[in-house]
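Colleague: Take this structure first; my questions come after.
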Amino acid sequence: MTRKKLMWRAALTLVLVLAVGGTWAGFNAFVLRAKYAANKLVAAPTDEERTRWADTLATHGTPGFDQLIGFVKSGEDLSRTAAAGALERHLNALPDGDARAVTIGGSILDAYPTANDAGKRAILHLVPTILNRTGGTHAGRCRDVVAEGLKMPDLDARLVAVRLAIHPDIRLRAEIVPLLTAKEPELRGASLFAVATSSDNDQVIGDEELFRWLHDVDAGVRKVCHDALVGRDRSDVEISLGRRLTHLDPNERLKLLLDLRYDDVADPEPWLERLSRDPEPAVRAGSARVMVEVATVRRQPCPGWVARVADSDHHPTVRFIANYYRRLPIAASNGVIPAGGP
């Protein structure tokens with residue numbers, strides 16, 4: 001082969017290499033730019049620079065979002081924070097109904113199962129934005145993330161999950177209930193607000209259960225409980241009775257029996273029925289006696305639960321006392337119970 005042909009062949013090869021390289025570079029320009037911006041983000045010395053390079057990554061299409069999601073999933077803390085912020089800003093800047101939000105939100109959620117603990121917390125924080133910008137398209141997957149978030153050891157993550165659990169697309173109020181006994185007062189308060197302020201059709205905790213938190217050691221939790229009961233149209237008198245009904249000292253509950261007997265309570269029967277299921281035998285026996293006395297004074301039939309106490313209470317003394325009072329004849333018009341009873 002002549003020297004001239006060799007030179008032509010070498011030149012042709014070079015042209016082909018350059019053409020292929022240029023084509024590859026053209027097709028992969030976003031990839032190269034994304035890698036460059038990602039390196040700059042990692043090396044950036046300040047939050048401002050990290051934010052700028054993270055926002056730059058969001059302009060580089062799918063490769064840029066892949067880099068951002070990678071930082072969120074398993075990057076170091078500073079890069080993760082910048083990347084998560086850029087994703088949130090970009091999603092919020094998209095027009096309503098933009099299909100790109102669905103794609104990006106789905107990619108973020110795809111990273112959740114294999115993310116490290118910090119990455120999972122970061123993705124949990126992005127769930128509100130994903131829900132708001134995707135019209136509930138990813139609601140089921142977001143629900144799974146929130147359900148796991150309620151069990152995370154990190155307090156901030158659980159607080160975020162509690163707030164998300166009442167979102168109309170998530171609806172995980174029942175899963176919040178175990179957090180009502182959390183050691184952190186701010187978590188108890190947030191959880192109580194979440195489960196107690198629901199509508200009647202979505203109620204997961206009754207008023208009687210709510211009364212317990214009127215005795216919480218934290219004043220903020222007690223206020224949340226009080227406000228929730230007011231929101232359920234409970235009067236000040238009812239809230240006061242509920243506080244005494246659930247008092248930890250059985251002597252206070254015994255005093256409540258006396259007030260239900262002699263104070264002007266419009267309808268003491270529901271309170272007495274609850275006291276008939278009290279853990280303290282003396283309170284259960286007293287509730288049956290007071291109910292019979294009240295029924296006699298008001299010339300009303302005795303409710304069926306008195307027979308239940310008399311027939312099936314597990315304590316023999318309670319059964320004996322309840323039986324004694326339920327068998328007493330209706331007294332004279334003054335409604336006085338004969339003396340000499342137990």
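The values are calculated or read from the model by the stated rules, or taken from the named source; none is laboratory data. The shown structure was predicted, so the numbers you read here are calculated from the model rather than taken from an experiment. Every residue, glycine as well, gets a Cβ built from its backbone with ideal geometry; the counts of neighbours run over all protein chains shown. SASA here: full protein model, heavy atoms, side chains in, ligands and nucleic acids out. Shrake-Rupley method; radii C 1.70, N 1.55, O 1.52, S 1.80 Å.
Colleague: In segment 58-74, what residues are in a helix (DSSP H, G or I) and not small (Gly, Ala, Ser)?
Modeller: Matches in segment 58-74: 62, 63, 65, 66, 67, 68, 69, 71, 72, 73.
Colleague: Which one is modelled with the highest pLDDT, of the residues in segment 258-279 that are open to solvent by 70 Å² or more (accessible area, probe 1.4 Å) and of a type in the set (D, E, K, R)?
Modeller: So the residue we want is 277.
Colleague: I'd like the residue in segment 75-110 that is charged (D, E, K, R) and either outside any helix (DSSP H, G or I) or surrounded by fewer than 21 Cβ atoms within 10 Å (Cβ to Cβ) (or both) and, out of all such residues, is modelled with the lowest pLDDT.
Modeller: Checked segment 75-110; the qualifying residue modelled with the lowest pLDDT is 96.
Colleague: Give the residue, chosen from 242, 340, 335, that is farther than 24 Å from residue 206 by Cα, of a type outside the set (Asp, Glu) and either modelled with pLDDT of 95 or more or open to solvent by less than 30 Å² (accessible area, probe 1.4 Å) (or both).
Modeller: 335
Colleague: Given the conditions (1) touching a Gly at 6+ places or on another chain (Cβ under 8 Å); (2) at pLDDT 95 or above, which single one is not true for residue 113?
Modeller: Every condition holds for residue 113 apart from (1).
Colleague: If you take the residues in segment 130-167 that are in contact with an Asp or Glu (Cβ under 6 Å, 6 or more places away or on another chain) and closer than 13 Å to residue 191 by Cβ, which one is surrounded by the most Cβ atoms within 10 Å (Cβ to Cβ)?
Modeller: My answer is 150.
Colleague: On to the next question. Tell me, which residue of segment 224-266 that is touching a residue at least 12 places away in the same chain (Cβ under 8 Å) and within 21 Å of the chain's Cα centre (by Cα) is nearest to residue 190 (Cα to Cα)?
Modeller: Here the residue is 224.
Colleague: Those residues that are closer than 18 Å to residue 122 by Cα, in a loop (DSSP other than H, G, I, E, B) and in contact with a helix residue (DSSP H, G or I) (Cβ under 7 Å, 6 or more places away or on another chain), I need them from segment 136-169; list them, please.
Modeller: 138, 150, 152, 154
Colleague: Quick one: in segment 181-198, of everything that is over 12 Å from residue 165 (Cβ atoms) and of a type in the set (Ser, Thr, Tyr), which residue is surrounded by the most Cβ atoms within 10 Å (Cβ to Cβ)?
Modeller: If we take residues in segment 181-198 being over 12 Å from residue 165 (Cβ atoms) and of a type in the set (Ser, Thr, Tyr), then 197 is surrounded by the most Cβ atoms within 10 Å (Cβ to Cβ).
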